[in-house]
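J.: Pasting in a structure now, in structure tokens, and then I'll have a few things to ask.
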Amino acid sequence: MPLHNFVPGLHGWHVLALGTLTGMVLHTTFVSSIVQYKALPRTTFGHLQSKQFPIYFAICIGLGSFLTYTTFHLKGCRGNVSVWAAATLGALLNYVYVGPETRKYGFLLEGVEKKGGELDAKGKEIKTRFGVFHGVSAL
């Protein structure tokens, strides 16, 4: 039997999940990340973000999957299913591939920068790769 037959008040759970996800995204994007960036040394900020964002994306995947499901089963909302599915897929890609690659190149870049001086060709390549993955993860 489908989940919506077992969950009374699916509309209420849908609104609660939507509010939780919206609040989490807004807080992470516009409050905590900015405060952390301004208050912490860059290496500490990077380490904190590398621990925080896998949890963030896992929660986004869970809530996004639930919202995709509930949107499909609520009357009058089916047009938004593709939006939730795309957002959930983006979070999944960030969790599985883009995030780990960003962390890998971020730590490599940190190691290169600790040596000081000008970046050599390898260091510039690492910085470029980090920038690309970081940019993609922010979409």
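The values are calculated or read from the model by the stated rules, or taken from the named source; none is laboratory data. No experiment lies behind these values; they were computed from the predicted model shown. For neighbour counting, all protein chains shown are included, and Cβ atoms are generated from backbone atoms with ideal geometry for every residue, glycine included. Note: accessible area is taken over every heavy atom of the protein model, side chains too, but ligands, DNA and RNA are not part of it. Shrake-Rupley method; radii C 1.70, N 1.55, O 1.52, S 1.80 Å.
J.: So the check is Cβ under 6 Å with 6+ separation or different chains; which pairs have a first residue in the stretch 39-65 that's farther than 13 Å from GLY106 by Cβ and a second one that's open to solvent by 70 Å² or more (accessible area, probe 1.4 Å)?
T.: From residues that are farther than 13 Å from GLY106 by Cβ, the pairs are PHE57/TYR95; ILE61/LEU92.
J.: Within the set of pairs 6 or more residues apart or between chains, which connect a residue that is closer than 18 Å to PHE53 by Cβ inside the stretch 103-124 to a residue that is open to solvent by 40 Å² or more (accessible area, probe 1.4 Å) and not hydrophobic (A, V, I, L, M, F, W, C) with Cβ atoms less than 8 Å apart?
T.: Every condition considered, the pairs that remain are TYR105/ARG129; GLY106/HIS134; LEU109/LYS127; GLU110/THR43.
J.: Counting just the residues of the stretch 69-80 that are open to solvent by 30 Å² or more (accessible area, probe 1.4 Å) and free of Cβ contacts under 8 Å to residues at least 60 places away in the same chain, which one comes out nearest to the chain's Cα centre (by Cα)?
T.: ASN80
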